[in-house]
Amino acid sequence: GRLLVDAFLGANPGGGWLDPVLTAQLLECYGLPLTLSIWAPDEHAVVLAAQSLRQLGHDGRVALKAYWQGQVHKSAAGAVRTGLTTDAEVRSAYREFTQHFGDRMAGAVVQPMAGPGLELLAGVVQDQVFGPLVVFGLGGTATDVMDDRSARLAPLTERDLSTMITDLRSAPLLLGRPGLPGVDLAAVGRVLAGLSRLAADLPEVVEADLNPLIARPDGLACVDARIRLE
Ligand code: ADP
Ligand code: MG
């Protein structure tokens with residue numbers, strides 16, 4: 001983690017957003033795996049990537065995301081297509097991206113579809129006064145509609161890990177009850193603990209955003225993450 005941050009800030013003295021590959025590598029250092037994400041530079045590579053994901057034996061549906069440097073809100077910009085099944089669908093989605101985004105686009109990322117599940121978010125933000133906070137809450141399309149979040153100073157205690165979950169208004173959706181399965185709380189705890197270690201080790205991480213984490217009773221997948229260093 002430290003080596004990666006120093007190398008990035010050496011090359012980018014003002015800081016900035018990590019690209020998708022560096023983002024995945026930094027998260028990996030803290031046991032925070034992203035869903036398999038293949039970066040493909042052109043149409044041919046995108047179609048090959050989708051084919052190889054299909055051969056890996058999941059249900060065959062993929063997500064395609066246009067990539068350009070410094071992008072922030074992909075779906076608001078029209079840069080995310082989900083549930084693509086055939087080569088033709090993948091190819092035409094990629095062509096629409098190139099027409100729409102033009103030269104600033106630098107390829108696309110192909111992922112297997114995750115879920116269905118409950119969309120959560122987790123991240124790190126820097127508080128001007130108190131330092132790094134770990135944030136947790138409802139994510140995905142519900143992020144702005146519901147605004148259901150909890151936050152604690154890093155490093156998190158064992159107690160923080162459980163109260164960050166129970167503090168949410170949506171806690172019953174996570175904990176479950178008879179007839180409602182809930183989500184994999186151990187996996188949620190591992191994500192929060194990993195972010196806590198990352199925040200405590202690397203004060204240069206001014207913003208980290210894992211959104212959504214798609215949580216199911218038997219596991220959790222992070223399909224989108226962004227990290228900004230300063
Ligand atoms: P952004 O947050 O930049 O708009 P995301 O990569 O989070 O872009 O994609 C937007 C939404 O698309 C996600 O909140 C999720 O609902 C859906 N999505 C994206 N990638 C996947 C995937 N691999 N599997 C399932 N759903 C996905
Ligand atoms: Mg997102």
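Quick look at the numbers
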| read-out | value |
| --- | --- |
| Under Karplus coefficients 6.51, -1.76 and 1.60, residue-wise ³J(HN,Hα) of the stretch 166-176 in Hz, glycine/proline x | 6, 5, 6, 4, 7, 3, x, 5, 7, 6, x |
| Point-charge dipole on Cβ atoms (K/R +1, D/E -1) for the stretch 38-112, about Cα centre, debye to 20 | 180 |
| Per residue solvent-accessible surface (Å²) - the chain, probe of 1.4 Å | 49 |
| Using θ = phi - 60° and Karplus 6.51 cos²θ - 1.76 cosθ + 1.60, couplings along the stretch 106-123 (whole Hz; Gly, Pro as x) | 10, x, 8, 10, 10, 9, x, 6, 9, x, x, x, 8, 8, 10, 10, 8, x |
| Accessible surface of the stretch 116-229 [probe 1.4 Å, protein heavy atoms]: carbon and sulfur percent | 55 |
| Mean separation of Cα contacts under 8 Å (6+ apart) over length of the chain, as relative contact order % | 24 |
| Top positive-direction residue, dipole computed over the stretch 116-229 with Cβ charges, set L168, G179, P203 | G179 |
| Translational D in µm²/s for the stretch 79-138 (Stokes-Einstein at 37 °C, 0.692 mPa s, Kirkwood Rh from C-alpha pairs) | 219 |
| Binned Cα-Cα distances of the stretch 38-112, short to long, each 5 Å bin given as a whole percent | 3, 18, 32, 26, 13, 6, 1 |
| Equivalent ellipsoid semi-axes - Cα gyration tensor, the stretch 116-229, angstrom | 23, 14, 13 |
| Contact order normalised by residue count of the stretch 38-112, Cα under 8 Å, 6+ apart, percent | 50 |
| Rh by Kirkwood over Cα pairs, then Stokes-Einstein D for the chain at 1.567 mPa s and 4 °C, µm²/s | 70 |
| Amide hydrogen neighbours beyond the local backbone of C222, cut-off 5 Å, H modeled | T35, I214 |
| The stretch 125-187, relative contact order [Cα under 8 Å, separation at least 6], % | 22 |
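The values are calculated or read from the model by the stated rules, or taken from the named source; none is laboratory data. Predicted model only: the values in this text are computed from it and were never measured. No Cβ is skipped: glycine too gets one built from the backbone with ideal geometry, and neighbour counts run over all protein chains shown. Ligands, DNA and RNA are stripped out before the accessible areas are found, and what is left, the full protein with its side chains, is counted by its heavy atoms. Shrake-Rupley method; radii C 1.70, N 1.55, O 1.52, S 1.80 Å.
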